[in-house]
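The values are calculated or read from the model by the stated rules, or taken from the named source; none is laboratory data. Keep in mind the model is a prediction, meaning the values are calculated, not measured. Note: ideal-geometry Cβ built from the backbone for every residue, glycine included; neighbour counts use all protein chains shown. Ligands, DNA and RNA are excluded from the accessible area calculation, which covers all protein heavy atoms including side chains. Shrake-Rupley method; radii C 1.70, N 1.55, O 1.52, S 1.80 Å.
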Amino acid sequence: MLAKVKSFALIGLNGVPVEVEADINRGMTSYELVGLPDAAVKESRERVNSAILNSRMHFPVNRLTVNLAPADIKKEGSHYDLPIALAILKASEQLLGCNTDDIVMLGELALDGSIRPVSGVLPALISAKKQGYTRFIIPFANANEAAYIDGIQAYALRSLSEAVDFVTGRAAFEPVAVKSFSSALKNSRYGTDMALVKGQVVAKRALEIAVAGGHNILLSGPPGAGKTMLARCIPTIMPDLTFEEALEVTQIHSVAGDLGGEGIISLRPFRTPHHTATTASLCGGGNVRIRPGEISKAHKGVLFLDELPEYSRSALESLRQPLEDKVITVTRAGGAVTFPADFMLCASMNPCPCGNYGSSYKQCTCTPAQIRRYRAKISGPLLDRIDLQVEVDSVKYEELAAEEGGESSAEVKKRVERARAIQRERFGGPYTNANMGEGQIKKFCRLSPECEGILRGAFERLALSARARSRIIKVARTIADLDFSAEIKPEHILEATSYRNFDVKE
C-alpha cells in the first residue's frame, strides 16, 4: 500500500514542500530510503524502527520503500523522522480513517517514541503558511516558536503515540495559543546602561550618532579605557525590535539551532566572536547543511569585533560585501544560500602594539614602523566602510570616582528614535542614513558652498576616497537630524570630519 505525508525542507531560510511517500510490497524484508537524503536522514531507519516498536505498534517486515520528493533537493536534518514514521504506519494500515493530506509534520524521534525538538521550525512554518498550509504537527519543545505566528494551527505533541492519536481522531489536542510580541518585548532587559560609563563624552556622542544613522564605528584607545563597555551599551540605545524584525532575527537563530526557550528573540542581537574566529564561522557554511554565521546572527543588531587587528586578514575582508549589500551569499559545493546581514559593525582596537600611542597619560614605546605594520592589518577598503573612527582615551580617577553618572540609555534612546523617525519620513520606510545611495545623497544632502569648501579641504588634506567623502556626508546628515536641522550646516560637516581619525594619523 502507498501512503503520503507532508513535511518541509529548508534551503537557507526558505522552505520547500517535501512529500514523504511510503510503499509496502511483498518480497524479501528490506528498507530503501531514496530522495537524496543525507546521513542524518538515512539514520532515521533505526530511530523510526525503535520508536514504532516502543510505541506498541509494529514495523512492517515486507519490502518497504520510502521516498522523499522532490528527489533533486538534498534532504538534511532529523526532522523527517516523524513524517517517515507516520507514512510507514499509514502504509501498513495501522492508521485507519486518518487524513494527513493537509498536515505538515516536523520532528525527530527518540528510541522510546518521544518527539525531540528540531532546528528551523519557525522559518519552515512561515514558508509553509505562505504556500497555503495552516495545520502542523511539531515537537512540544518547539511550541513557543509557533506561538508567534498568527493564522495557523500548530499542534505541539510529545510522542509518536500522541501523533497517531491526533491523526486518527482518538484524542483531541488544542493548538498552540498565539502569544503577543509586546509581552516578550516588555520582559526584555539589557545588562548594562550608558549611565554606568564614566567620562568618555566624545565616544558616547559618537555612539549616539552611529546608532541614530545606522553607521559603523571603530573605537581606538589604550587597554582599560572602556571600549568594550561602550560597545555593549549600543543595543541599549537602539530602537526596540519591531515584530517583523524580531521574526527575521528569530528565523536565523532557529536555523542555526541556538534559539532560546522563549521562542522569539526580542532584544537586538549583540554578537562578539573571538578574534580566532575563522572566515567560515563569520560568514556561515557547513559540510552538511549551510548554516548562518556570526555576520547573519548579528542581523538587526550589533557585530562587535574586539581587538580588530588580531582577526585574520581573510576574516576581516569577508565583511566588505555584507557591509555594503546587507546580505551575504554563502556558496559551497552543495549550493548557494543567501542570508540577511543587516547589522551595525562596532570594532575596537589599540592604537599601537603597546596600546599607548596618542595617550595623554602613558608613553608609547612603539616605533613608527611598528605602528604602521600594526595598523596595516586593517585594509583601507575596510576602513572606508567604517563611518566613525573615534579615539577613546583613559578616564581620569576623578571621573571614575564621581557619584553622578551620565545620561541613561533611555534618555539617549529617545533622541535616537526621534532621528530615526525623521529618516523614516524622509525615505518612506525603515531605512537609515547609512543606507543612502549616491542618488539619495544628492537629493537629501545638498551642501552649501561653505560646507562644500570645508569638505573639499578635508578631502584634499586627508587624501580621502570617494567612499569616505560619501560617508562623511551621511554622518553629517545624521548629526543634522539629531539637531532637527533640515539643512546640513558647517558645524555638522566639521564634526563628521572629526570622526575620521585614521585618515589623520600617519
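Numbers for the structure displayed
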{"read-out": "Separation between Cα centres of the range 4-77 and the range 233-309, rounded to whole Å", "value": "33 Å"}
{"read-out": "Cα-projected label distance for ARG446 with PHE243, points at 7 Å along beta-carbon direction, nm", "value": "4.0 nm"}
{"read-out": "0 to 90° range, to nearest 10: angle between helix 409-427 axis and the chain longest Cα axis", "value": "80 degrees"}
{"read-out": "Estimated [θ] at 222 nm from DSSP helical runs (n ≥ 4, -39500 (n - 2.57)) normalised by residues in the chain, nearest 500", "value": "-11000 deg cm²/dmol"}
{"read-out": "Accessible-area ranking of SER470, SER314, SER30, largest first, probe 1.4 Å", "value": "SER314, SER30, SER470"}
{"read-out": "Shape category assigned to the range 183-302 from the gyration tensor of Cα positions, a/c cut at 1.5", "value": "oblate"}
{"read-out": "FRET efficiency for ASN62 and PHE484, using Cβ-Cβ distance with R0 set to 51 Å, rounded to 0.05", "value": "0.10"}
{"read-out": "Candidate residues PHE484, PHE502, PHE343, PHE173: accessible-area rank, largest first, probe 1.4 Å", "value": "PHE484, PHE173, PHE502, PHE343"}
{"read-out": "Cα gyration tensor category, rounded, prolate or oblate, for the range 81-141 with a/c compared to 1.5", "value": "oblate"}
{"read-out": "The chain - percent relative contact order, Cα under 8 Å, separation 6 or more", "value": "13 percent"}
{"read-out": "Nonlocal amide H pairs with LEU109, under 5 Å, H built at 1.01 Å", "value": "ASP81, LEU82, ARG116"}
{"read-out": "Rounded to the nearest 20 debye, dipole of the chain from Cβ charges on Lys, Arg, Asp, Glu", "value": "760 debye"}
{"read-out": "Positive minus negative residues near PHE304 (Lys, Arg vs Asp, Glu; Cβ under 13 Å)", "value": "+2"}
{"read-out": "Whether the range 387-506 is rounded, prolate or oblate, judged on the alpha carbon gyration tensor where a/c under 1.5 counts as rounded", "value": "oblate"}
{"read-out": "Of LYS297/LYS377; LYS326/LYS413; LYS4/LYS130; LYS204/LYS414, pairs whose Cα-Cα distance is over 19 Å", "value": "LYS297/LYS377; LYS326/LYS413; LYS4/LYS130"}
